[in-house]
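Novice: Input: one structure, supplied below.
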Amino acid sequence: MKTLIGALHEHAAHVVNRFYEELGRLPKSRRILEMLSGAELAHLKARQVQNLLALANLGLTAREHEEMALRIGRIHAIVGLDKEELVRSRGILQELIYADIGRTVSTQQLSLYARRLTSDLAWQLKAYQAVQDSQQEALLHITRLVWEAGSYTNFIDQVIAALAAHDEVSACAIGRPDEAGLFHFEAGAGGKTEGGMLHVLAGHDQEISVRADHPQGQGAIGRAWRSGKPERVVNYQTDPLVVAWRDLAAREGVRSSVAIPLAAPGQPPLAVLCLYSAFPGGFVGPDQVAFVDLLQTLLGCAATRIAGHDGLSAAVPVSVRQQWAALVRTGALEMHYQPLLSLATGKATKVEALARLRDGERLLVPDVFLSALSSDDLLALFARGIDQALADRERWYAEGRDLDVSINLPPAALNDIRYFEATRTALAAHRCPAARLTLEVLENESLSLSQGQRAILAKFRELGVLLAQDDLGAGHSGLTRLRELPFDWIKLDREMVQVSGGDALNTLRVIYQLTRLGHSLGRLVLAEGIDTLDLLHALAILGVDGAQGYVIGKPMEGARLIEWLDTTPAFAATSASGAGTQSLLARLARFVIWEERMLMIAAVPEAAQGLLRALTREEGEGVSAPLAQALAGFGDILPAGAQRDALHREVVGALLTEGPNSEAWRVALNGLIEAIAAAV
């Protein structure tokens, strides 16, 4: 082999130069070579020479040869050189070697070298399969995330973790633009620098914009955002649009990238995912293009589902995310408390604990920071929050205030037993009877009825805590979950109880029906977001059990809560005044109850006719019919007088003689509603 090694030392450079000339005539190989700078091509040729010499080394073991070939084959697969062209190029290389050194070495040495070249090719082809397997594994993982991921933040963290483990990805990052079009990275992994590629990208002094008129809006991210299609940087060392990022890419070992907009077909992007490769042209081969396209489809569907259900907050730079996560764990968490009013007693004997983060002079509310926290951050927030809330309750109890406490339980808690453990630990640590704690489960599509989630929910029930379904009506399947899950309370979403103008009557009708539904299932009903006393009075008339909102009390620190309880008199939830001074909402609430009662009677023909005869006898013959009047009378809906009596005869007569679907009933009903509005 010494003769072969000597010949290779003499001729290898010439063989390699001719080899690359021949490759330049092959379309697919030429495309790859054209991506390289002059320095990169020279480096590639030098490595090829080293490889040829290494294959002739007598001390090369089979294991060493396999590792070397697999490494090279992986590179060929990642840069998109297909298998057929790899095999063809190997034939060209072998012919050139034989032509240059075949006359100077023995047939035995050439045969041994040829066997090594053949083994080298076989192992390189094996590496192709490994890269394809890695692609499939990444796509399968992403497919599961499409249906399982909860919040946007949780989703992108899991996507980044899945892609960072893929062979072809040396680093990855994801982010969104702000209102000004400036792009912010929100999550990432990989890279050489301490803190990873994400830290480097977030700290770079060059802005990235998605606007076409911005100087930094022509890079791959900006183009992808505007086009809705994957956009590539085939080589950071040759692409003039990324000159500002060239040195950073070299330091991080990044040679190429693809920016993938996350969007459903025909929809604007929600975010842009960036994949970085350690090799030029890392995402332009046919297999890589197919991988990127399928990845875009999967992630676009998932991101759209998450945005459509949970909504998306503004983009939060990763540095801010990390700062908020640190605040959760470093004593910056402050629990504030909003009173929950019993409409039966007019007193607040329960409070909802709401998290706040102290960030210097600012006090951050959940709408600002919650969506930016990872799953582990949310668990830490819950554990620390419930511990602080029950510690405050314990102190209030020692001071003679026995208050129930309610706290939000994220949907993720029904997939993570650690939330149950944190609840049990806090109850024991602060000697709180379990029934004095209510956990509010947010209405969310991810709250399914899987066996595992039922099991965790059952553990909370066995513990003895109360459960509330929060924001009933905010999700499409809330009524199904209300029926099937063991809630003690239901909270009507604030959007459902907002009354305005001509919608006030229908809003009260919905509130009444949901309240009746809740009561029929053994649930108590609470309305949140109440901001007027008139609405509070109307809710009490409709039978709603509790309410919270600014008209009762805003969220406040624990010390201020005690002061509020000491200085705030009981609310007169139902108006004690006569009909002449009732608010419009109170009158409409009474009408809703009257309407429901009358429609139930009208649904039974015998009952309708009997009531009509009783009312007619009373009017025509002077016979007392107190039961009929109690059932059909207007009561406090309208002030007493001739007008009320005439409307009463018209409305009741139309309903009981013509029926609830008649034009006469609709006309009479509209007249009654107009009279109610005029009486205020």
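Novice: Among the residues of the range 177-195, count how many are touching a residue at least 60 places away in the same chain (Cβ under 8 Å) and either surrounded by 24 or more Cβ atoms within 10 Å (Cβ to Cβ) or not basic (Lys, Arg) (or both).
Specialist: Within the range 177-195, residues that are touching a residue at least 60 places away in the same chain (Cβ under 8 Å) and either surrounded by 24 or more Cβ atoms within 10 Å (Cβ to Cβ) or not basic (Lys, Arg) (or both) number 11.
Novice: Could you name every one of the helices (runs of 4 or more DSSP H) located completely within the range 577-680 that has at least 2 residues being at pLDDT 85 or above?
Specialist: 584-602, 605-621, 642-653, 663-678
Novice: Take LEU53 and decide whether it is within 55 Å of the chain's Cα centre (by Cα) and not small (Gly, Ala, Ser).
Specialist: When the stated conditions are applied, LEU53 passes them.
Novice: Output the residues belonging to the range 172-197 that are assigned to a helix (DSSP H, G or I) and in contact with an Asp or Glu (Cβ under 9 Å, 6 or more places away or on another chain).
Specialist: The one that is assigned to a helix (DSSP H, G or I) and in contact with an Asp or Glu (Cβ under 9 Å, 6 or more places away or on another chain): MET197.
Novice: Looking at the range 534-559 only, could you name the residues that are assigned to a helix (DSSP H, G or I) and without any contact (Cβ under 8 Å) to a residue 24 or more places away in the chain?
Specialist: ALA559
Novice: Just for the range 324-352: of the residues that are of a type in the set (D, E, K, R) and in contact with a Ser or Thr (Cβ under 8 Å, 6 or more places away or on another chain), which one is nearest to GLY549 (Cα to Cα)?
Specialist: The selected residue is GLU352.
Novice: Suppose the filter is touching a residue at least 24 places away in the same chain (Cβ under 8 Å), of a type in the set (Asp, Glu) and part of a helix (DSSP H, G or I); does ASP157 pass it?
Specialist: The answer is yes for ASP157.
Novice: Let me ask something else about it. Is there any pair linking a residue in the range 246-258 that is under 9 Å from SER277 (Cα atoms) to one that is of a type in the set (Phe, Trp, Tyr) and assigned to a helix (DSSP H, G or I), with Cβ under 9 Å and at least six apart or on different chains, and which?
Specialist: Sorted first by the residue in the range 246-258, then by its partner, the pairs are VAL254/TRP245.
Novice: Is there a residue in the range 486-506 that is surrounded by 21 or more Cβ atoms within 10 Å (Cβ to Cβ), modelled with pLDDT under 90, not aromatic (Phe, Trp, Tyr) and not in a strand (DSSP E or B)?
Specialist: Taking every residue of the range 486-506 in turn, at least one turns out to be surrounded by 21 or more Cβ atoms within 10 Å (Cβ to Cβ), modelled with pLDDT under 90, not aromatic (Phe, Trp, Tyr) and not in a strand (DSSP E or B).
Novice: Quick one: is ALA187 among the hydrophobic types (A, V, I, L, M, F, W, C) and modelled with pLDDT under 90?
Specialist: Yes; evaluated as a whole, the condition is true for this residue.
Novice: Mind listing whichever residues of the range 379-390 are crowded, with 22+ Cβ neighbours inside 10 Å, closer than 19 Å to ARG358 by Cβ and not β-branched (Val, Ile, Thr)?
Specialist: Hits for the range 379-390 are LEU381, PHE382, GLY385, ALA389.
Novice: Quick check: anything in the range 200-210 in contact with a strand residue (DSSP E or B) (Cβ under 6 Å, 6 or more places away or on another chain), within 25 Å of ALA165 (Cα to Cα), of a type outside the set (Phe, Trp, Tyr) and crowded, with 19+ Cβ neighbours inside 10 Å?
Specialist: yes
Novice: Test ALA202 against the stated conditions and say whether it is touching a helix residue (DSSP H, G or I) at 6+ places or on another chain (Cβ under 7 Å), in a helix (DSSP H, G or I) and among the aliphatic types (A, V, I, L, M).
Specialist: yes
Novice: Of the numbered conditions (1) part of a helix (DSSP H, G or I); (2) surrounded by 12 or more Cβ atoms within 10 Å (Cβ to Cβ); (3) not aromatic (Phe, Trp, Tyr), ASN57 satisfies every one except a single condition; which is it?
Specialist: Unmet for ASN57, out of (1) part of a helix (DSSP H, G or I); (2) surrounded by 12 or more Cβ atoms within 10 Å (Cβ to Cβ); (3) not aromatic (Phe, Trp, Tyr): (1).
Novice: Condition check: within 18 Å of GLN338 (Cα to Cα), surrounded by fewer than 20 Cβ atoms within 10 Å (Cβ to Cβ) and of a type in the set (A, V, I, L, M, F, W, C). Does LEU439 satisfy that?
Specialist: no
Novice: Those residues that are outside any helix (DSSP H, G or I) and either modelled with pLDDT under 85 or at positive phi (or both), I need them from the range 1-33; list them, please.
Specialist: Passing the criteria: only MET1.
Novice: Right, next: Just to check your reading of the model, which residue among ALA434, ALA412 is among the hydrophobic types (A, V, I, L, M, F, W, C) and modelled with pLDDT of 95 or more?
Specialist: Step by step, each of ALA434, ALA412 is checked, and only ALA434 is among the hydrophobic types (A, V, I, L, M, F, W, C) and modelled with pLDDT of 95 or more.
Novice: Please verify whether ALA69 is among the small types (Gly, Ala, Ser) and closer than 30 Å to GLN288 by Cα, treating the condition exactly as stated.
Specialist: It is true that ALA69 is among the small types (Gly, Ala, Ser) and closer than 30 Å to GLN288 by Cα.
Novice: Sort out which residues of the range 60-89 are part of a helix (DSSP H, G or I) and farther than 20 Å from ALA130 by Cα, and write them in order of number.
Specialist: Within the range 60-89, ARG88, SER89 meet the criteria.
Residue-wise test of (1) more than 24 Å from GLU21 (Cβ to Cβ); (2) outside the structural domain of ALA56 (by TED's automatic domain parsing).
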{"residue": "ARG88", "(1), (2)": "no, no"}
{"residue": "THR107", "(1), (2)": "yes, no"}
{"residue": "ASP120", "(1), (2)": "no, no"}
{"residue": "LEU125", "(1), (2)": "yes, no"}
{"residue": "ILE142", "(1), (2)": "yes, yes"}
{"residue": "PHE155", "(1), (2)": "yes, yes"}
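The values are calculated or read from the model by the stated rules, or taken from the named source; none is laboratory data. Note that this is a predicted model, so its numbers are computed, not measured. Positions of Cβ are generated from backbone atoms using ideal geometry, with glycine treated the same way; all protein chains shown enter the neighbour counts.
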